[in-house]
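In what follows, a single structure is set out as structure tokens and then discussed.
The values are calculated or read from the model by the stated rules, or taken from the named source; none is laboratory data. No experiment lies behind these values; they were computed from the predicted model shown. Heads up, the Cβs are rebuilt from the backbone with ideal geometry, glycines too, and the neighbour counts pull from every protein chain shown. Side chains included, ligands, DNA and RNA excluded: accessible areas come from the protein's heavy atoms. Shrake-Rupley method; radii C 1.70, N 1.55, O 1.52, S 1.80 Å.
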Amino acid sequence: MEPPRVVLDTSVIVAGLRSRLGASNRLLELVAEERLVPLVTTALFLEYEEVLKRPEQRLATGMHEKDIAGFMAAFASAAEPVEVHFLWRPQLADPDDEIVLEAAVNGRSKAIVTHNVRHFEPAAGQFGVEVVTPGTFLKRINT
């Protein structure tokens, strides 16, 4: 069976690196195990990196710049790149959320996995993309 192809919101990446406990970290483990394929656009990948490099995030994760670079390289090797062909902006209140939606729509993602479900509804539904929390997604894939 093919691993699920999903878009991970930045909130999931951050939460997964801030704590080894919880569903967000488990999703990152599944990515490393090649049991989950994250879909990313260039803009989304750069957002992940920018957020992780913020001083408050580095303090919370205990990661140095070289650690972030290593994580991003590993994540990039596991991710499936998505090219953005169409822009539907604006659909969402937060412009940073738009790049997550664009990755999901253009990559024909099974879901957007986020801690901010209400930020993406109902716009994601208009494109047939499910929006779920990390815990809900893990229950659905039975891991």
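Quick rundown of the values:
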{"read-out": "Gain on full stretching of the segment that runs from His64 to Lys139 - 0.36 nm per residue minus C-alpha separation", "value": "23.7 nm"}
{"read-out": "Extension gain from Val117 to Ser77, taking 0.36 nm per residue of separation minus the Cα-Cα distance", "value": "11.7 nm"}
{"read-out": "Rounded accessible area of Leu21 (nearest 10 Å², 1.4 Å probe)", "value": "140"}
{"read-out": "Charge dipole magnitude, Cβ of K and R +1, D and E -1 - the stretch 19-118, Cα centre, debye nearest 20", "value": "280"}
{"read-out": "Label selected from (i) 14.2, 40; (ii) 14.6, 48; (iii) 14.3, 44, the criterion being Rg and Dmax of the Cα atoms in Å as computed here", "value": "(i)"}
{"read-out": "Inter-label distance, nm, simple model (7 Å from Cα along the C-beta direction), Ala32/Arg108", "value": "3.1"}
{"read-out": "The chain, accessible surface, carbon-and-sulfur percent (1.4 angstrom probe)", "value": "53"}
{"read-out": "Cross-link partners of Lys110 among lysines (Cα-Cα below 24 Å; sequence separation of 8 or more within a chain)", "value": "Lys139"}
{"read-out": "Taking the stretch 93-132 and dividing mean pair separation by its residue count, relative contact order in percent (alpha carbons under 8 Å, at least six apart)", "value": "41"}
{"read-out": "Inter-site label distance for Arg20 and Leu46 at 7 Å from Cα along Cβ, in nm", "value": "3.4"}
{"read-out": "Order of exposure, largest accessible area first, which applies to Met1, Met72 with probe 1.4 Å", "value": "Met1, Met72"}
{"read-out": "Computed [θ] at 222 nm, helices only, for the chain once each DSSP H run of length n ≥ 4 contributes -39500 (n - 2.57)", "value": "-15000 deg cm²/dmol"}
{"read-out": "Whole-number accessible area per residue in Å² for the chain, which is evaluated in the context of all protein chains at 1.4 Å", "value": "54"}
{"read-out": "Cα gyration tensor, the stretch 1-48 - rounded (a/c under 1.5), prolate or oblate", "value": "oblate"}
{"read-out": "Listed residue (Gly135, Val7, Met63) projecting farthest to the positive dipole end of the chain, Cβ model", "value": "Gly135"}
